[in-house]
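Here, each number is a calculation from the coordinates, and none is a lab measurement. Everything numeric here is computed off the predicted structure, so don't read it as measured data. Glycine gets a Cβ as well: all are built from the backbone with ideal geometry, and neighbour counts include every protein chain shown.
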Amino acid sequence: MPLPVLVRKQAEMAFVQFCAARLSSRGGVLTHAAEGACFTLFEIGEISSEATDRVAVARFCYSEQLGQWTVHCPDTERQWRFYPNAGPSLNLHKLLRHVEEDPFGAFWP
């Protein structure tokens, strides 16, 4: 299900600002992509002068019924799982900060 227009615009602005203001943990570039009611945060690092590596770091999903965001981390098989250490939140910025700080090492490779 697609995001409500205002929620999508606010989230897009939050991700653009987050990605522009920060380098990844390895000095790579951060970017994002939207799909349905979710945004995925990616780290892009250079493998060689001809290729780049795009690694999914975190996924943020919006529940229209609850009006809240959840954050998901990739497991060892690169499947998404709910990240229980940062529960659902009305505040997307709070979840972005939690991913940036990554106190349990779940997001950054």
Inter-site label distance for H93 and Q79 at 7 Å from Cα along Cβ, in nm: 3.6
Using θ = phi - 60° and Karplus 6.51 cos²θ - 1.76 cosθ + 1.60, couplings along the stretch 54-68 (whole Hz; Gly, Pro as x): 10, 10, 6, 9, 7, 10, 10, 10, 9, 9, 5, 4, 8, x, 10
Which of Q65, Q17, Q79 ends up with the largest GNM mean-square fluctuation for the chain, with Cα atoms connected below 10 Å? Q65
List the residues whose amide H sits under 5 Å from the amide H of H32, counting only those 5 or more places along or on another chain, with H placed 1.01 Å from N in the peptide plane. F42
Add -39500 (n - 2.57) for each DSSP H run of 4 or more in the chain, then divide by its residues: what number comes out at 222 nm, to the nearest 500 deg cm²/dmol? -8000 deg cm²/dmol
For each cysteine in the chain, check whether another cysteine's C-beta sits under 4.7 Å from its C-beta; list those where none does. C19, C73
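Can you give the convex hull volume of the alpha carbon atoms of the chain per residue, in Å³?
Numbers: hull volume 12.0 nm³, N = 109.
With only Cα atoms used, the chain gives 110 Å³ per residue.
Could you compute the longest span of the chain free of GluC sites (Glu not before Pro) located in DSSP loops and having at most 16 other Cβ atoms within 10 Å, not counting the site residues? Provide the component values of the computation, followed by the final result.
Details: sites that count: E50, E64, E77.
By the stated rule (loop sites, at most 16 other Cβ atoms within 10 Å), 1-49.
When the chain is fully extended, how far beyond the present Cα-Cα distance does R54 get from V5, taking 0.36 nm per residue of separation? It would help to have the intermediate numbers written out before the result.
On the way: separation 49, 0.36 × 49 = 17.64 nm, distance 2.76 nm.
Once the chain is fully extended between R54 and V5, it gains 14.9 nm.
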From the residues A11, L90, T40, which one has its Cα farthest along the dipole of the chain in the positive direction, the dipole being from +1 and -1 charges on Cβ of Lys/Arg and Asp/Glu about the Cα centre? L90
A37 neighbourhood, Cβ < 12 Å, K/R = +1, D/E = -1, net charge 0
